[in-house]
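Engineer: First, the structure itself, so that you have it in front of you.
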Amino acid sequence: MDDLVKQAMAKWPNVPHCYGWLALDARGNWRMRDEHAQQSQLPGDKIAHAALLGFINRNYDHDERGCWFFQNGPQRVYLNLEATPFIARSDPQHGFVLQTGATLPALDAAFLCDNGALILQQGDIVAQVDDRDMAQVMALLQLDGQPVGDEALLAWLEHASGKLSLQYGGQAIAATPLAHEQVPRHFGFQRTPQPA
């Protein structure tokens with residue numbers, strides 16, 4: 001967290017929190033959600049300002065309730081998550097890269113959801129793979145040690161027979177089936193934080 005933010009928090013400890021004005025979409029875009037976007041259930045406008053994106057990424061955290069926020073000076077701006085707290089893109093040089101710019105050099109676990117979403121976990125980091133990268137990531141999946149095609153993968157999603165693994169960082173990470181609706185509960189985060 002930025003020192004300037006820590007100083008503001010100490011100076012103004014009782015600033016009310018903000019809800020609904022910021023979101024992270026399933027492709028890793030930070031979105032500003034004005035009143036119209038909130039009332040109309042719209043995703044909001046993509047934030048493109050490089051300095052603001054850097055500030056958000058450096059000051060992104062979660063509370064004990066599993067609610068993710070951007071610490072904007074003394075104010076916590078809680079955000080809505082379309083998918084997971086992090087979104088991963090595949091990069092030929094760095095492997096998986098999060099929307100914050102951090103890399104995932106290793107993985108602890110992988111989960112394939114019934115809607116086709118791939119969720120990666122490394123420690124406290126839970127990241128859904130950007131759907132635009134799934135075609136590339138498919139080449140990293142193996143079923144019983146063999147490359148897996150679309151039909152075999154769909155059959156695995158339905159019956160979970162055989163051992164599905166993600167080949168990453170020189171390791172075969174076992175992939176576990178997971179119902180998409182169970183993702184927030186399984187990992188302990190809230191997609192739409194509300195005031196306590």
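The values are calculated or read from the model by the stated rules, or taken from the named source; none is laboratory data. If you're wondering where the values come from, they're calculated on a predicted model, not measured in any experiment. Cβ placement follows ideal geometry from the backbone for every residue including glycine, while neighbour counts extend to all protein chains displayed. What goes into the accessible areas is simple: the full protein's heavy atoms, side chains included, and nothing from ligands, DNA or RNA. Shrake-Rupley method; radii C 1.70, N 1.55, O 1.52, S 1.80 Å.
Engineer: Cβ-Cβ distance below 6 Å, separation of 6 or more or different chains: which pairs start in the range 155-175 with a residue that is closer than 12 Å to residue 112 by Cβ and touching a residue at least 60 places away in the same chain (Cβ under 8 Å) and end on one that is surrounded by 12 or more Cβ atoms within 10 Å (Cβ to Cβ) and hydrophobic (A, V, I, L, M, F, W, C)?
Structural biologist: Short answer, once both residue conditions are applied: 173/107; 173/110; 173/166; 175/110; 175/112; 175/164; 175/166.
Engineer: I've got another one for you. Within the range 19-58, which residues are in contact (Cβ under 8 Å) with a residue 12 or more places away in the chain and either in a loop (DSSP other than H, G, I, E, B) or polar (S, T, N, Q) (or both)? Full working, then the answer.
Structural biologist: Quick first cut of the range 19-58, residues in contact (Cβ under 8 Å) with a residue 12 or more places away in the chain only: 19-34, 38, 43-47, 53, 55-58.
Matches in the range 19-58: 25, 26, 27, 28, 29, 33, 34, 38, 43, 44, 47, 57.
Engineer: Tally the residues that are part of a strand (DSSP E or B), open to solvent by 50 Å² or more (accessible area, probe 1.4 Å) and among the hydrophobic types (A, V, I, L, M, F, W, C), restricting the search to the range 89-141.
Structural biologist: The total comes to 0.
Engineer: Scan the range 59-78 and report the pairs whose first residue is acidic (Asp, Glu) and whose second residue is not in a strand (DSSP E or B), with Cβ atoms within less than 8 Å and a gap of 6+ or a chain change.
Structural biologist: Listed by first residue and then by second, the contacts come to 61/1.
Engineer: Let me ask something else. Test residue 157 against the stated conditions and say whether it is aliphatic (A, V, I, L, M) and farther than 19 Å from residue 104 by Cβ.
Structural biologist: Judged against the criteria, residue 157 is a match.
Engineer: Restricting the search to the range 141-196, which residues are out of contact with any strand residue (DSSP E or B) (no Cβ under 6 Å at 6 or more places or on another chain), among the basic types (Lys, Arg) and under 30 Å from residue 38 (Cα atoms)?
Structural biologist: The answer is 185, and nothing else.
Engineer: In addition: Out of all the residues in the range 53-60, is one or more of a type in the set (Phe, Trp, Tyr) and within 24 Å of residue 131 (Cα to Cα)? Even if it seems obvious, please write down each step before you answer.
Structural biologist: Initial filter on the range 53-60 (of a type in the set (Phe, Trp, Tyr)): 55, 60.
Add one more test, that the residue is within 24 Å of residue 131 (Cα to Cα), and what stays is 60.
Scanning the range 53-60 turns up at least one residue that is of a type in the set (Phe, Trp, Tyr) and within 24 Å of residue 131 (Cα to Cα).
Engineer: Do we find that residue 80 is touching a Leu at 6+ places or on another chain (Cβ under 9 Å) and at pLDDT 95 or above in this structure? Spell out the reasoning first.
Structural biologist: On the way: touching a Leu at 6+ places or on another chain (Cβ under 9 Å): yes; at pLDDT 95 or above: yes.
So residue 80 passes the test.
Engineer: Yes or no: the range 30-44 includes at least one residue that is buried (at least 19 other Cβ atoms within 10 Å of the Cβ), within 24 Å of residue 185 (Cα to Cα) and out of contact with any Pro (no Cβ under 6 Å at 6 or more places or on another chain).
Structural biologist: Within the range 30-44, one or more residues are buried (at least 19 other Cβ atoms within 10 Å of the Cβ), within 24 Å of residue 185 (Cα to Cα) and out of contact with any Pro (no Cβ under 6 Å at 6 or more places or on another chain).
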